[in-house]
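Reading through the C-alpha cells given below for one structure.
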Amino acid sequence: MSSFNRFRKSAQLNLLRYLSVSLSLCGAFFFFAFAIAAQVPTPKSVLGFTPTDDKIIADWRQITDYFTKLDKASNKVTVKEIGKSTNGKPLIVAFISSPDNIKNLEKYRQISAKLADPRTVKNDGELADLIKNGKTIVSISCSIHSTEIVASQMSMNLAYELATATDADTKEILDNTILLLIPSPNPDGIDIVADWYRKTLGTKSEGTAPPELYHHYAGHDDNRDWFMLNLVETQAITKLFWQQWFPQLVYDVHQQGQNASRFIIPPFFDPPNPRVAPSILREVGLIGYKMAADLQAKGIEGVATNSTYDTWWHGGFRSAPYYHNSIGILSEAASANLMSPITIKKEDLARNRNTRGLPNLLETATNYPDTWEGGLWRPADINEIEMTASRALLSMAAKYRPRYLRNFYEYGRANTVRKTDEPQAFIVSAGQPNAETISRFLEILMAQGMEVHHMTKELWVKMTPTAEFHEMPLGSFLVYVNQPQRSNVLSLFEKQVYPQRLLPNGDAEVPYDVAGWTLPMQMGVEYDAAWQIRDIDRDTPTIKRIENLDQARAIMNLAPSGGSFAKKPNPLKTNPKIGLYKGFTGSMDEGWTRLVLDTFQIPFRSVSDADIKSGNLDLDAIILPADSENTIVNGLSAERYPVEYTGGIGTAGVENLKKFVENGGKLICFDDSCEMVIKRFNLPMKNVLAGLKRSEFYNPGSVVSLDVDTKQPMARGLRDVTAAYFSTSSAYDITDDKRVRSIAEYASKDALLSGWMLGEKFLNGKTALAEASYGKGKIVLFGFRPQHRGQSWGTFPFIFNALEK
C-alpha cells in the first residue's frame, strides 16, 4: 500500500471516529433537551384538559397549582407571591427567562432600577455597561376583568411554550428578556367566574356574567385604580412595577364585545395625552404593527388598529406606564360566552356602526385591511391570537433590547431637565384641616415612586411666572416636577383640558374613559404651582426628602399610619344603623361605596332585593348607589338568569322604601338612583339635563365646582367652594323649596375645573345636592357621585354628614 493510500485510509478512519463522536454528542444533546422538556409538565397533565378547550375552565387554585409545578420542573421559571388579593388569595408573578438570567434576577432588577433613575448613573461608561448587561423587563398581565377569562387560561399555555421550546426565536427571547407573567391581577374574580360558569353550564345561564361584582369592591373598575391605589391588588403590582422592577414594556390582555373586530391593538385612536412622550406613542404603535403583521402572516382576519381606545386617560393598567416612561400595550380580543363557543352572524357585525375608527366591520380599511365576516368563534381562537401577540411583543423586546433600555433611560433623563413652560414644583401648603386626606394623598404619590419633600423653613414662592413672591409656611410639602416621574407629577397635579371633539352631526364624540381627573382637586387638597422658589437649595436643610409616610404624618402631628394604606378613623359622631342596597346586577357604584365605608370603618349591612321586598328595614339610613330605575326596580331578566337572582326590588320594594322614609328613615341616593326616587316619590324637582342631546350638553367625566351652603348641617366641614366629580351626572331644578332645599349648586359660571364639558350653561347654578322632607324622614339626593371610584375624598364628608342621625 502506498504512503498516500495509507494516509487516505488513516484520514478516513479519523473522520469516521469524529463523526461518530459528534453524532453521539449531538444525539446526547437532543436527548437531554427532549428529556428536560418531557420533565416539564404540560398544562393538560396537571389540569386534565388543555387550557382554552371549549366549555371547561381552570379556577385560581388550578392555575396557581400549575405554575407551582412549572416552577419546580423548569429552571427557566420561578414563581413569586407578591401579596394577597382582597379576599386573601395568593397574587403571583411567574418570572420566565433563561436559566442564567433566572439565577441572577436581582442583578437585572438593580440594572433596571438604575436605568429608571438616570441621576444614579455616574457617566456614559456606566450607562454603556448597564445597557450592555441589562435585560428588557416585560410584563404580560391577563384577565384583570375576570369575565374576559381566556387570557388567564392562555397564560399557562404561554408559560409552558416558553419553558420548553428550543427554537432560535424562543432562545433569543429567553436570553434577552425577563418576563413577569401575571396570570391574573384579580384572583378573586377568576374564582367567581369559574364557579358561576361551572354552576350554569348546560343551563339557560351558560356564558352569562356572574350576578355579582367580579372584584369585591370594584368589579370592572379594578382597571380604573392605577393612580389612586385603593385596591390591594393595585398596590402590590404598583410596588412590583414602580418600586422594584421598572418594566420597559407592559402588556395588558383584554377582551371586548362579541360583535366587534376580532382583535384591536395599537396604534390607538385619538386624542393622545400631551403628557405622554411622543416617542413612547411611536413605540406603542411599532409593537402594535408587529403584532398585526404576525397575525396577518398566520391568516387571522378581523384585526384592527387605530380604533376605539385612546391614550388620553391616566389610570389603567396599560396607560399608567406611559407616566413611568414605559411602553403600555392593550389588546382587546372579541369574546366568546366565557368558555363556550358562539356563532356570530354577518348581519350582527353589520349593525355595529358606532365604533370609533371602525364605521363598518364588513369593509376593509387601512387600519382594518382584512375583514372577518362571521362564523364560529371559540376560546381557542382567542388563545391563538393572544399567544401570537404575546410572542410578537417578546420578540421585539428581545431583538431591540439595547434600544428599549436606552430609550427608557433617556425618557427619565429628559424628565429631570426643567422646561420653562412648566412650574418648578407643586406645593401642598401646611395648616389644612384635612390632615388624614393629605396623608393618603402623599402616600399615593410616594407609592408610585414620586419624590416628596417637606419645608423646614418658610420659603418665598411665585405662584405664576409673573406674580410677586408669596410666603409659603413651614411644614408644607413640595413635589418637584423635574424628577424621573415628571409626566406622572404633571398629569396628576395639572388641570386636564380635553380637546373638543365633535361628530359630523354635532354630537360630542364619546371618549374611551373620563376626560379629567386632577387628583388633589378630587381629594380636596389645596395646592399651588410654584414657578420660582427663592433661597432654596436641595443641598441645604431648607427642605428634606420624605422617606416614608409616617415621617410625613409626624410633620402633620398624626399618629403612625399602622401600615400601608391603612384604614382611617371613623368620622361619624353618632352610631346610625346603615344599610347599603346590593342587588344582583353587580353595581360598581355599590362596590366603591362599600370601599369608602370600610376604609373609614363605618359599620353597615348590605340590603338585598328580598330585604326591601319584605320590608326588613330596621335601619336609620339606606344608601341607594348610582344605578338606574330599571336596574333597581326590575333587576336581572329571568330569560337568562335563575329566578332567585331576578326581579329587582319590584313595585312592592318601592312602596316599602316609601314607608321606611315616611316612618322617619333616611334614604340617601347617589346620581342615577335619584331619578327613580324623584319619580316614584313624586318629589318637586327635575333633572334639567335629562333629554338633552350630546350636541347640547355632554360631560363624560370631569372635575366641577360646587357652591356650597356651609350653614347646612350636611355641609359641615366643607368649603364654600368645593370640587366634585361629574360623570354623565344630573343637575336639578327645585319647584317647591318648602319640601326640598338645596345644599350645593353647580357654580354659576366657570363650573368646569378639569376635563371637558359641552353646554355648561345648562348646568350653571343648578342644584347638585338636595335634601327633601318626606313624612317623618328625609331623602338626600346627590346629583353626582360623591365617592366616584373611591377617588373623590373631597366630597366624602357630604356622605358622612348625610349618615349622621
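What share of the DSSP beta bridges in segment 84-218 is antiparallel, in percent to the nearest 5? Write down the numbers at each step before the final one.
Values: 4 of 10 bridges.
Bridges in segment 84-218 that DSSP calls antiparallel: roughly 40 percent.
What is the helix-to-structure angle for 60-73, meaning the angle in degrees between its Cα long axis and the longest Cα principal axis of the chain, kept from 0 to 90 and rounded to the nearest 10?
30 degrees
How big is segment 553-703 in terms of Cα radius of gyration and Dmax, in angstroms?
18.3, 59
Return the carbon/sulfur percentage of the accessible area of segment 374-489, one whole number, probe 1.4 Å, all protein chains in place. Provide the component values of the computation, followed by the final result.
On the way: 2070 of 4030 Å².
C and S fraction of accessible area: 51 percent.
Give, to the nearest whole percent, the P(r) tail of segment 38-91 beyond 13 angstrom, counting all Cα pairs. Walk me through the numbers before you get to the answer.
On the way: 907 of 1431 pairs.
The calculated P(r) of segment 38-91 puts 63 percent of pairs beyond 13 Å.
Reported to two decimal places, what Rg/Rh ratio describes segment 623-694 when computed on Cα atoms with Rh from the Kirkwood expression? Don't skip to the answer; put the middle values down first.
Numbers: Rg = 13.7 Å, Rh = 13.4 Å.
With Rh from the inverse mean 1/r over Cα pairs, Rg/Rh is 1.02.
Sequence neighbours fewer than 8 away in the same chain don't count; with that in mind, list the aspartates and glutamates whose C-alpha is under 18 Å from residue 568.
436, 443, 550, 598, 804
With each pseudo-label sitting 7 Å past Cα toward Cβ, what's the residue 497-residue 575 distance in nm, one decimal?
Taking the two extended label points, one gets 5.4 nm.
For residue 103, list the aspartates and glutamates whose Cα falls under 18 Å from its own Cα; do not include residues on the same chain fewer than 8 positions away.
71, 81, 172, 175
Along the three principal axes, how long is segment 653-729 when you take its alpha carbons, biggest first, rounded to the nearest angstrom?
38, 35, 19
For segment 148-272, what is the per residue volume of the convex hull drawn over the alpha-carbon atoms, in cubic angstrom? Mind showing how you got there, number by number?
Details: hull volume 21.7 nm³, N = 125.
In segment 148-272, the Cα hull volume divided by residue count equals 174 Å³.
How long are the semi-axes of the ellipsoid equivalent to segment 672-715, from square roots of 5 times the Cα gyration tensor eigenvalues, in whole Å, largest first?
Details: eigenvalues 102, 78, 16 Å².
Output for segment 672-715: semi-axes of 23, 20, 9 Å.
For segment 93-153, what's the radius of gyration and Dmax over Cα atoms, in angstrom?
Taking only Cα atoms of segment 93-153, I get Rg and Dmax of 15.8, 49 Å.
I'd like the distance separating the alpha-carbon centroids of segment 399-451 and segment 153-199, in whole Å.
32 Å
Can you tell me the FRET efficiency between residue 45 and residue 421 if r is taken as the Cβ-Cβ distance and R0 is 60 Å, rounded to the nearest 0.05?
Taking R0 as 60 Å, the efficiency between residue 45 and residue 421 is 0.50.
Quick one: length gained pulling residue 87 to residue 598 fully straight, 0.36 nm per residue minus the C-alpha distance? Please report the intermediate quantities before stating the final value.
Working: separation 511, 0.36 × 511 = 183.96 nm, distance 1.39 nm.
182.6 nm is the gain from fully extending residue 87 to residue 598.
So, for the chain, what is the accessible surface per residue at a probe of 1.4 Å, expressed in square angstrom?
Per-residue accessible area for the chain comes out at 39 Å².
On alpha-carbon atoms, Rg over Rh for segment 341-392 using Kirkwood Rh? Each step should come with its number before you reach the end.
Details: Rg = 12.6 Å, Rh = 12.5 Å.
Using Cα coordinates only, the ratio equals 1.01.
Set the Förster distance to 22 Å, then compute FRET efficiency between residue 376 and residue 296 from the Cβ-Cβ distance, nearest 0.05. Intermediate results must be reported in sequence, preceding the final value.
On the way: r = 21 Å, r/R0 = 0.94.
The value I calculate is 0.60.
Taking the convex hull of the Cα atoms, report for segment 425-582 its projected area averaged over all directions, in nm². Intermediate results must be reported in sequence, preceding the final value.
Working: hull surface 58.1 nm².
For segment 425-582, the mean projected area of the Cα convex hull comes to 14.5 nm².
Taking the alpha-carbon set of segment 133-187, what are its Rg and Dmax in Å?
12.6, 40
How long are the semi-axes of the equivalent ellipsoid of segment 401-444, defined as square roots of 5 times the Cα gyration tensor eigenvalues? Whole Å, largest first. Walk me through the numbers on the way to the answer.
Numbers: eigenvalues 229, 53, 5 Å².
Sorted largest first and rounded, they come to 34, 16, 5 Å.
Starting from the alpha-carbon convex hull of segment 650-784, give the projected area averaged over all orientations, in nm². Before the final figure, lay out the partial values.
Numbers: hull surface 33.0 nm².
Directional mean of the projected Cα hull area for segment 650-784 stands at 8.2 nm².
Which percent, nearest 5, of DSSP beta bridges in segment 596-748 are antiparallel?
On the way: 13 of 18 bridges.
Rounded to the nearest five, the antiparallel share is 70 percent.
Can you tell me how much longer the chain between residue 68 and residue 467 gets when fully stretched, taken as 0.36 nm per residue apart minus their C-alpha distance, in nm with one decimal?
Working: separation 399, 0.36 × 399 = 143.64 nm, distance 6.11 nm.
So the extension gain works out to 137.5 nm.
Using a/c under 1.5 as the rounded threshold, could you call segment 322-461 rounded, prolate or oblate? The axes a ≥ b ≥ c are square roots of the C-alpha gyration tensor eigenvalues, and prolate needs a/b larger than b/c, oblate otherwise. Mind showing how you got there, number by number?
Numbers: a/c = 2.79, a/b = 2.13, b/c = 1.31.
Because a/c hits 1.5 or more and a/b exceeds b/c, segment 322-461 counts as prolate.
Starting from the Kirkwood Rh over alpha-carbon pairs, what translational D in µm² s⁻¹ does segment 414-473 have by Stokes-Einstein at 4 °C and 1.567 mPa s?
Working: Rh = 13.7 Å.
Estimated via Stokes-Einstein, D reaches 95 µm²/s.
Taking the alpha carbon gyration tensor of segment 362-443, what are the square roots of 5 times its eigenvalues, largest first, to the nearest whole Å? Present the calculation step by step, with values, prior to reporting the outcome.
On the way: eigenvalues 410, 112, 55 Å².
Semi-axes (√(5λ), whole Å): 45, 24, 17.
Expressed as cubic angstrom per residue, what is the convex hull volume of the alpha carbon set of segment 259-357? Before the final figure, lay out each step's value.
Values: hull volume 11.2 nm³, N = 99.
Once divided by residue count, the hull of segment 259-357 is 113 Å³.
What nm value, rounded to one decimal, do you get for the distance between residue 75 and residue 456 when each label is placed 7 Å out toward the C-beta?
Result for the modelled spin labels: 5.2 nm.
If the chain between residue 354 and residue 762 were fully stretched, how many nm would it gain, using 0.36 nm times the residue separation less the Cα-Cα distance?
Going from the current span to full extension adds 144.2 nm.
Quick one: if the Förster radius is 56 Å, what FRET efficiency do residue 129 and residue 639 give, using the C-beta to C-beta distance and rounding to 0.05? Can you show the working numbers first?
Values: r = 65 Å, r/R0 = 1.16.
For R0 = 56 Å, the calculated efficiency reads 0.30.
For the chain, take the alpha-carbon Rg, divide it by the Kirkwood Rh, and send me Rg/Rh.
On the way: Rg = 29.2 Å, Rh = 28.7 Å.
The Rg/Rh ratio comes out at 1.02.
For residue 558, put the label point 7 Å out on the Cα→Cβ axis and report which residues of segment 466-486 keep their amide N under 15 Å from it.
476-478
If you split all Cα-Cα distances of segment 540-584 into 5 Å bins from zero, what percentages do you get per bin, shortest first?
5, 14, 16, 15, 12, 12, 9, 7, 5, 3, 2, 1
Quick check on the chain: of the DSSP beta bridges with both residues there, what percent are antiparallel, nearest 5%? Write down the numbers at each step before the final one.
Working: 67 of 107 bridges.
That works out to approximately 65 percent antiparallel.
Which pairs break 24 Å Cα to Cα here: 666/761; 44/199; 114/462? If you can, show how the numbers build up before the last one.
Details: 666/761 32 Å; 44/199 22 Å; 114/462 34 Å.
In this structure, 666/761; 114/462 exceed 24 Å between Cα atoms.
Relative to the longest principal axis of the C-alpha atoms of the chain, give the angle of the C-alpha long axis of helix 401-415, reported between 0 and 90° and rounded to the nearest 10°.
30 degrees
By a straight-distance test (C-alpha under 16 Å), which aspartates and glutamates pair with residue 693 as possible cross-link partners, with residues fewer than eight away in the same chain excluded?
Within the straight-line limit of under 16 Å, residue 693 reaches these aspartates and glutamates: 507, 509, 760.
Using alpha carbons only, how many degrees (0 to 90, rounded to 10) separate the axis of helix 124-133 from the longest principal axis of the chain?
Value to nearest ten degrees: 70.
The values are calculated or read from the model by the stated rules, or taken from the named source; none is laboratory data. The shown structure was predicted, so the numbers you read here are calculated from the model rather than taken from an experiment. All Cβ positions, even for glycine, are placed from backbone atoms using ideal geometry, and neighbour counts span all protein chains on display. Calculation scope for accessible area: heavy atoms of the full protein, side chains included, ligands and nucleic acids excluded. Shrake-Rupley method; radii C 1.70, N 1.55, O 1.52, S 1.80 Å.
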